[in-house]
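Here the structure is laid out as structure tokens; the discussion comes afterwards.
The values are calculated or read from the model by the stated rules, or taken from the named source; none is laboratory data. Remember, predicted model here, so these are calculated numbers, not experimental data. We place every Cβ from the backbone using ideal geometry, glycine too, and count neighbours over all the protein chains shown.
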Amino acid sequence: MDESIEMYGEMVTALQNLERCKEFASIIPEVRTNLVYAIPNPQGTEDVLGIDGRITIADGFPKAAGKVKFGASSHMARLIIEMSRKDPAMRAGINFANNPKMAKWLEKYCKNKGWLFSVIDRTGEPEEVKREEGASMPWKVAEAIRAAGGKVPKLFYEKGAIGKEPVSVLIGKNPIEVVEQVCEIARLYKKAFRTTPKIGKIGVDIFERFVLKRLGKKDKTVIVPPLPGVDASVIDIGNDKVLIIAEDPIFTIPKQSPEMFGWFTVHIGASDVAVMGVKPRYMTYTLLMPPATKEEDFKTIVDSIHKAAVELEIAIVGGHTGYYPVLAAPLIGGINVFAIVEKDKYVTPLGARPDDDIILTKGPAIETAGILASLWEDKLLEKYPSSLVEKAKALARQMTVIKDAQIAMKVGGVTSMHDATEGGVIGGLFEIANASNVGMETQENLFIYPEEVRIVCETFNIDPVAAIAEGSLLITAKPTHSHKIIHQLKEEGIDASIMGKTTNDPEKRTMKRIDGSIVPLVIPAQDPFWPVFFKGLEEG
């Protein structure tokens, strides 16, 4: 039998086994998983079978995004090529998620199995290796072997760094063996630890399968209904005009003032209308408070909401305010912001077209860094100068995209805009691409990366690309206008850069990470901000 046919058969069998292993879905990383199988003595990625589009999650089970084929993998293919050069018997491999708790469990598991286990710290990667194209993988494999005492490890854990998600890699002789072993790991790990419930907004799958089918009475005047990744709805009100409306809840942030709470209530709510390319005009809000709230704090919150609305020329036209014992802190149960404009005077995330430039303002993880710098100030001050920590805290005042959006629309050429909230930049890019049915090719090294964002994300092992980023505006624009938009934004004190292009291939939506790996654009299964945020609340 031809060896390639036999390899295909083994891969298909292994993949079928993996897709039946529900527990493995819980350890699929944000960058998704690939299963690879190399021919003997592989020379390049074209000698390695992989899953086109990687392995993702569908209905709670692992699911291959595409077919098994040679050359389908880049990162994992290059890894198994390097590993097989050290041990020719090791021709198959799979990657899966990791975190410090899981790393400790895996180390103990490997010891019990008699497997070699090692750890790679990517923060120790030499600068000359980072700079040289393709040098990271040989270095990484060499580090894994060095940490295993000079022998090829069966399993290794790669610590994350800025722009690099922590992952585990398991290797073996063939994919059937590897899948059997990784499924056992997934089942035993899930049994050992009760998985943390998802924090944050619901996933796209349940939104599409459940919520979208329960939107009340159908009405032909609804031009843009609730959709994944679309910030506001659009309603035809006649006379060639439309009503654009959006709603958001707003939580208080420990260690930030009531005045700040009021400010970002208005700006976060109004940003969802501004990204539709229109000026927010009206708003309502519901302020809910515990009975013990000080009158001074109540007045400060209401006054700051009023002042922010005045600055943005928004009229407050209704709402609700009251005290309720079930609450631990004040919150905005909902802020509704809306505007009335001509039918042809707005944009939506459905409007991106092939060959648009993709612009990112301010950089990634603006909200993550601004909030966590206040919540975890003492921890940051242990490692970094107070001046840098203060710059990180000041990012909270940049949690708005109203000015960004208005400048871009004034220049012209904008086809879509979307603020990168939960799921961060990578999630926001996916939402635009999905809504507009376009492909995307983006590069992380083209982002603006404020130093204050970097220190917060590194401290808490957060991937900045996947973390909540209110204040980071994604714009798709015609190439004839993109540089003018960036120039005008910078004239107004807002940094921005072109970080990719849209394409006419919806099947290819990728980001080239700083380490050279190519990952699919996805909405992260869990925004990495929330666990750190709530841990901060628990620890006071």
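Tell me yes or no: at least one residue of the stretch 353-371 is at pLDDT 95 or above, surrounded by fewer than 19 Cβ atoms within 10 Å (Cβ to Cβ), of a type in the set (Asp, Glu) and closer than 24 Å to Arg513 by Cα. Yes, the stretch 353-371 has at least one match. All conditions in (1) crowded, with 17+ Cβ neighbours inside 10 Å; (2) touching a helix residue (DSSP H, G or I) at 6+ places or on another chain (Cβ under 6 Å) hold for Ala525, with the sole exception of (2). Of the candidates Glu46, Glu82, the single residue that is acidic (Asp, Glu), over 26 Å from the mean Cα position of the chain (by Cα) and under 16 Å from Ser4 (Cα atoms) is Glu46. Restricting the stretch 435-494 to residues that are of a type in the set (Gly, Ala, Ser) and within 30 Å of Glu377 (Cβ to Cβ) leaves a set whose member that is nearest to the chain's Cα centre (by Cα) is Ala466. So which residues in the stretch 210-233 are at pLDDT 95 or above and under 30 Å from Pro330 (Cα atoms)? Ser233, the sole residue that qualifies.
Against the condition over 23 Å from Gln398 (Cβ atoms) and not assigned by TED's automatic domain parsing to the domain that holds Met137, how does Ala433 come out, does it pass? Steps first, answer last, please.
Values: over 23 Å from Gln398 (Cβ atoms): yes; not assigned by TED's automatic domain parsing to the domain that holds Met137: yes.
Against the criterion (over 23 Å from Gln398 (Cβ atoms) and not assigned by TED's automatic domain parsing to the domain that holds Met137), Ala433 qualifies.
Collect the residues in the stretch 495-522 that are aliphatic (A, V, I, L, M) and surrounded by fewer than 20 Cβ atoms within 10 Å (Cβ to Cβ), keeping them in residue-number order.
Listed by number, the residues that qualify are Ile498, Ile514, Ile518.
Residues in the stretch 171-179 include at least one that is in contact with a Cys (Cβ under 8 Å, 6 or more places away or on another chain) and at pLDDT 95 or above. Selection of first residues in the stretch 36-64 that are small (Gly, Ala, Ser) and of second residues that are assigned to a loop (DSSP other than H, G, I, E, B) and surrounded by 15 or more Cβ atoms within 10 Å (Cβ to Cβ), restricted to Cβ pairs under 6 Å at least 6 apart or on distinct chains, gives the following pairs, ordered by first then second residue: Ala38/Arg91; Gly50/Asn34; Gly50/Ala72; Gly50/Ser73; Gly53/Ala65. The condition of being touching a Gly at 6+ places or on another chain (Cβ under 7 Å) and within 19 Å of Pro153 (Cβ to Cβ) holds for only one of Ala92, Ala65, that being Ala92.
Against the criterion of being in a helix (DSSP H, G or I), more than 21 Å from the chain's Cα centre (by Cα), surrounded by 15 or more Cβ atoms within 10 Å (Cβ to Cβ) and in the same structural domain as Asn98 (by TED's automatic domain parsing), Glu259 does not qualify.
What are the residues in the stretch 309-349 that are out of contact with any strand residue (DSSP E or B) (no Cβ under 8 Å at 6 or more places or on another chain), at pLDDT 95 or above, surrounded by fewer than 16 Cβ atoms within 10 Å (Cβ to Cβ) and not charged (D, E, K, R), if any? Once the filter is applied, which keeps residues that are out of contact with any strand residue (DSSP E or B) (no Cβ under 8 Å at 6 or more places or on another chain), at pLDDT 95 or above, surrounded by fewer than 16 Cβ atoms within 10 Å (Cβ to Cβ) and not charged (D, E, K, R), the stretch 309-349 yields only Val310. Confirm whether Asn95 is on the phi < 0 side of the Ramachandran plot and of a type in the set (S, T, N, Q). Criteria met by Asn95. Considering the stretch 290-304, and only residues there that are touching a residue at least 12 places away in the same chain (Cβ under 8 Å) and not in a helix (DSSP H, G or I), the residue that is farthest from Thr265 (Cα to Cα) turns out to be Pro291.
Can you tell me how many residues in the stretch 340-361 are part of a loop (DSSP other than H, G, I, E, B), within 23 Å of Ala270 (Cβ to Cβ) and charged (D, E, K, R)? Selection size over the stretch 340-361: 3. Whenever a residue of the stretch 334-359 is among the aromatic types (Phe, Trp, Tyr), its partners that are part of a loop (DSSP other than H, G, I, E, B), lying with C-beta atoms within less than 6 angstrom and at least six residues away or across chains, give the pairs Tyr346/Met276; Tyr346/Gly277; Tyr346/Val278.
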